[in-house]
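Down below is the structure, laid out as structure tokens.
The values are calculated or read from the model by the stated rules, or taken from the named source; none is laboratory data. All values reported here derive from a predicted model rather than from experimental measurement. Positions of Cβ are generated from backbone atoms using ideal geometry, with glycine treated the same way; all protein chains shown enter the neighbour counts.
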Amino acid sequence: MTTLRPTLIDAADGLAANSAVDADSWWLSARLHDHEKVFWVKIHAMEMSGACLSTVALLREPDGHTDGKHAIEVKDSVTVSADSLDVKTSVLSLSGDLDRLEMSGATDTASIRLSLRREGPVLYNGGAGVFPFFGGTTGQYALPGLATSGTITVEGPHTRSADAPGSTASGSPEPPRCRGSPGSGSISARAGI
């Protein structure tokens with residue numbers, strides 16, 4: 001019996017949309033800190049079957065505030081580049097390369113703007129980045145070590161904006177708490193896509 005060995009995918013080229021595959025998907029999940037608040041963020045875009053599905057979700061601790069927005073749009077009404085990572089929908093925007101990424105998104109009560117810088121190696125899923133999946137093959141990899149800075153603005157009775165120009169995460173599993181004045185603060189995080 002011949003065993004097929006998967007080959008590594010080109011992570012840099014793999015960021016752009018690929019019309020030869022059934023679906024392209026880009027997503028971020030992150031735990032971000034601002035003073036006493038912790039924000040859990042998910043930004044996800046998926047292109048498939050002539051449509052683009054996008055999701056922005058936010059959970060704020062300790063008060064449990066949650067918000068999310070989901071959109072399904074025809075491919076002609078969004079930007080999805082085949083040359084580089086550049087995805088723009090009605091609720092989110094993703095752009096950049098393996099070393100630096102920009103992501104933003106909005107819900108009805110919050111806006112998120114993040115800059116991410118890769119600090120660690122690319123993690124190829126399945127060991128090689130290509131593996132059997134639902135009768136075919138898929139290519140997947142992750143960027144688990146990203147220093148993150150940016151702004152999250154949450155509207156409500158007390159609008160709070162957290163801004164972190166130049167803030168980066170430490171190498172420790174738990175990012176440091178950041179200091180700031182009332183109404184503003186720093187976001188520091190370990191994030192992965």
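Quick check on this structure: which one of ALA12, ALA57, ALA17 is touching a residue at least 40 places away in the same chain (Cβ under 8 Å), within 23 Å of GLN140 (Cβ to Cβ) and assigned to a helix (DSSP H, G or I)?
ALA12
Could you look through the range 107-131, keep only residues that are hydrophobic (A, V, I, L, M, F, W, C) and loosely packed, with under 15 Cβ neighbours inside 10 Å, and pick out the one that is farthest from GLY145 (Cα to Cα)?
PHE131
So, GLY96, is that one at positive phi and under 14 Å from the mean Cα position of the chain (by Cα) or not?
Here the answer is yes, as GLY96 does meet what is asked.
Give the number of residues within the range 101-115 that are β-branched (Val, Ile, Thr) and outside any loop (DSSP other than H, G, I, E, B).
Of the residues in the range 101-115, 1 are β-branched (Val, Ile, Thr) and outside any loop (DSSP other than H, G, I, E, B).
Given the condition touching a helix residue (DSSP H, G or I) at 6+ places or on another chain (Cβ under 9 Å) and not in a strand (DSSP E or B), answer yes or no: does some residue in the range 69-90 qualify?
The answer is yes; a qualifying residue exists.
Which condition breaks for ILE72 when tested against (1) aliphatic (A, V, I, L, M); (2) within 17 Å of the chain's Cα centre (by Cα); (3) modelled with pLDDT of 95 or more?
With (1) aliphatic (A, V, I, L, M); (2) within 17 Å of the chain's Cα centre (by Cα); (3) modelled with pLDDT of 95 or more applied to ILE72, the lone miss is (2).
All but one of (1) at pLDDT below 80; (2) within 18 Å of the chain's Cα centre (by Cα); (3) not in a strand (DSSP E or B) hold for GLU174, so report the exception by its number.
Going through the list (1) at pLDDT below 80; (2) within 18 Å of the chain's Cα centre (by Cα); (3) not in a strand (DSSP E or B), GLU174 breaks only (2).
Of all residues in the range 39-67, which are surrounded by 16 or more Cβ atoms within 10 Å (Cβ to Cβ), within 15 Å of SER111 (Cα to Cα) and in contact with a Leu (Cβ under 9 Å, 6 or more places away or on another chain)?
PHE39, VAL41, LYS42, ILE43, HIS44, SER54, THR55, VAL56, ASP67
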